[in-house]
Each structure stands twice: as C-alpha cells, then as structure tokens.
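K.L.:
Dumping the structure here so I can ask a few things about it.
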C-alpha cells in the first residue's frame, strides 16, 4: 500500500507530516493555532488554518489516510485534568457516535463538557465514521492517532468501533526512546488498516531507558537508546535540571546528564537549567536544540510565537516514521530514511489551497 495523501487533524507544527513527507507521502494538515501554521508554511507543508470541527472527509476527497493528535491539555498530568474527569462521558460519546445517534444532539451535549477541548478527542472518530458512511468516495485505507497515555481508554473504544467496521486495529503505549528519539516520552498510539492484513504497532528498535542501567545492558538485538549528546552539537558534558512534574518542589527536580536521553520535552523546556558537571551555568537549550530532542531536523524553520510550546506539543518525527511504516505494512524505516530527518528542505513559495484561500505549501529536499 502506498498512500496518496494523509489528512492530518490538529497537525501542529508538522511532526507527523515531516515523517510522512520524508517517506514520500503527500500531506495536508488542519491546524487552528496561527503560530504553528506559520511554522508549517515556513517548512513548505500544505496547511489549512481552521477549526477541524468545521471540516470533514468530503472536503479532502484525495486523502486516503486519516491522522490526528487531538489537543492533550485536558488529559495530560500537567494540564487541567478536565479530560480525565470526563473520561466516562467521552467513552459514552464514542458509543453514541458508533450508534449513529443524531449528530446535532451529540454536539449540544459535547458543549456541556467542563472544557470544550476534551471533546476534540472525538473528532477523528467523526471523520472516520463519515468516510465509512459514504460522505466521501471510500473509507480511509489507514488511520493513525496519537495522544498522551491517559487517552488510551478512548483509543481502545475507537479500536472496538473500527474493528466492527472491518478494520484491523492495534493500540497501546509506545516509549519514544525505544524508537531512537533521544527523549523519554510515552504516547498512546492507535493504528488501523482495512487492507485485509493484520495491523500491529511498530516493534521497538532501541532498548528502553532505565535509570542506573547502562545503555550497553539489556537486549543485545536492540540498539542502545540515544542520548542528548548524540544529537546536540555541544562540545562538553552537561547536566539538565528540570522542573517538569515537580510541582515547583526544588527537591523533586529531575536531573539528566548529557549521556542520557532528555526527559519529556514540554513547552517549558526553556526553564530547564543546563550546567556543567561542576555546576557552572551554561546556555539553556535553544529552540533548534529543543527541536532536535524531539527528533526534528536541526534546520527546521520554527516560526511564530510560543515556539517552545509548538515543539513540546509535537509528535516526534522519528516515532511518527515508525508508526506510519507499521500502519502501511511496510518494513521499519531504513537508516537512510531516519538519517534524512537530520536536515529539512529548501522552501518553495506557498500556493493557495482551494478551501477558502488557506495556504498550501510544497517542498523540495536538499
């Protein structure tokens, strides 16, 4: 199977699209954050700047793959928690959507949720069901979804619904360092396909990171996990002192050395101190370095405001490349493909997209 085009919902600055374009797959992303759209356009990625809820499969008839990473703020541990509190309600909405209840009534009830962003996790299902029900030429050949671990029960409910519609589905928690991303980050991932063959999540290619366990230890059939020093052009060892997940308690601040993977990259990465082994303050991570820890190309053209937040919210392209290959039944990405993620593109001036004059870009590889 070689996809024609991926329509990427909540596309952000382009993590999944970077991977797809490097695999030779055309993409178009829908994203309503203006700054993320600035980055996408600077990168030459086809973009519709709008609310996903205002569109559907019939607007993108050429797309045969659906992807999405709905906003995670209400589900993440560091966020409001509204999504976690509303989990039972969300699962109830899945059942109602699968039963094809009246959409306007569902939308009215979704509007009653504590945080409207919680309901956005249901948008990929709406798109998938509309495609199945004939609101475009055919059902999607593959579906790829990604979110924080707390959303796994939602993906499991999606899986049951999609299996009833004839898809093969697999979902679970993937650890980014096990796919060569120099960062420990856990993501709930779902892949589905209707090509008549079993679909399974990608197998790890690297060893899991465990505190105090040398990178050389463990399963020798897997590669060692990658460290910050492996991808950052810093000449001397360093220590990163992070506030993530500490609740502001200085005693709980995480510490990672340059010979280890980064902790989870968030929009607050600029707050992390970087010091020498003897405690001398060093330059904090640049935006380009933060992007590299997410496995973006070093020359990716970050643009607009809140770039650190764009980076923290993004799908790591290296993980996305493994996920896409698994979804399409392809072999894992080759070393050559993975190495291609180190550099981006020369940008071609963007052209207009047919949907209301939003911007569509194109790109050429260096």
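K.L.:
Between 0 and 90 degrees, rounded to the nearest ten: what's the tilt of helix 152-164 against the longest Cα principal axis of the chain?
P.N.:
That helix lies at roughly 40 degrees to the long axis.
K.L.:
Whole number please: convex hull volume per residue of the Cα set in the chain, in Å³?
P.N.:
That works out to 139 Å³ per residue.
K.L.:
Among 315-328, 210-223, how do they line up by average Cβ neighbours within 10 Å per residue, starting with the highest?
P.N.:
315-328, 210-223
K.L.:
Helix 34-43 versus the longest principal axis of the chain: what angle, 0 to 90°, nearest 10, using Cα atoms?
P.N.:
Value to nearest ten degrees: 80.
K.L.:
Mean residue ellipticity at 222 nm from the helices of the chain, using -39,500 (n - 2.57) per DSSP H segment of n ≥ 4 over the full residue count, to the nearest 500 deg cm²/dmol?
P.N.:
Value at 222 nm, helices only: -7500 deg cm²/dmol.
K.L.:
Could you give the nm distance between label points at residue 88 and residue 273, where each point is 7 Å from its Cα heading toward the beta carbon?
P.N.:
Output for this residue pair reads 4.4 nm.
K.L.:
Between residue 334 and residue 221, what is the label-point separation in nm under the 7 Å Cα-to-beta-carbon projection?
P.N.:
With each label placed 7 Å out from Cα toward Cβ, I get 2.3 nm.
K.L.:
Okay, next question. Relative contact order (percent) for the chain, with alpha-carbon contacts under 8 angstrom and 6 or more residues of separation?
P.N.:
With pairs under 8 Å counted, the relative contact order is 19 percent.
K.L.:
Same structure, new question: Ranking request for peptides 17-26, 263-272, 232-241, 143-152: highest mean number of other beta-carbon atoms within 10 Å first, then the rest in descending order.
P.N.:
Order by mean packing, descending: 143-152, 17-26, 263-272, 232-241.
K.L.:
Starting from 0.36 nm per residue, how many nanometres of slack lie between residue 343 and residue 108 once their C-alpha separation is accounted for?
P.N.:
Value of the extension gain: 80.0 nm.
K.L.:
What angle, in degrees between 0 and 90 and rounded to the nearest 10, separates the Cα long axis of helix 317-327 from the longest principal axis of the Cα atoms of the chain?
P.N.:
In the chain, helix 317-327 runs at an angle near 40 degrees to the longest axis.
Any read-out appearing in this document is the output of simple, stated calculations on the displayed coordinates, not a laboratory observation. Predicted, not measured: the structure shown is a model, and the values here were computed from it. Note that we place each Cβ from the backbone using ideal geometry, even for glycine, and neighbour counts take in every protein chain shown.
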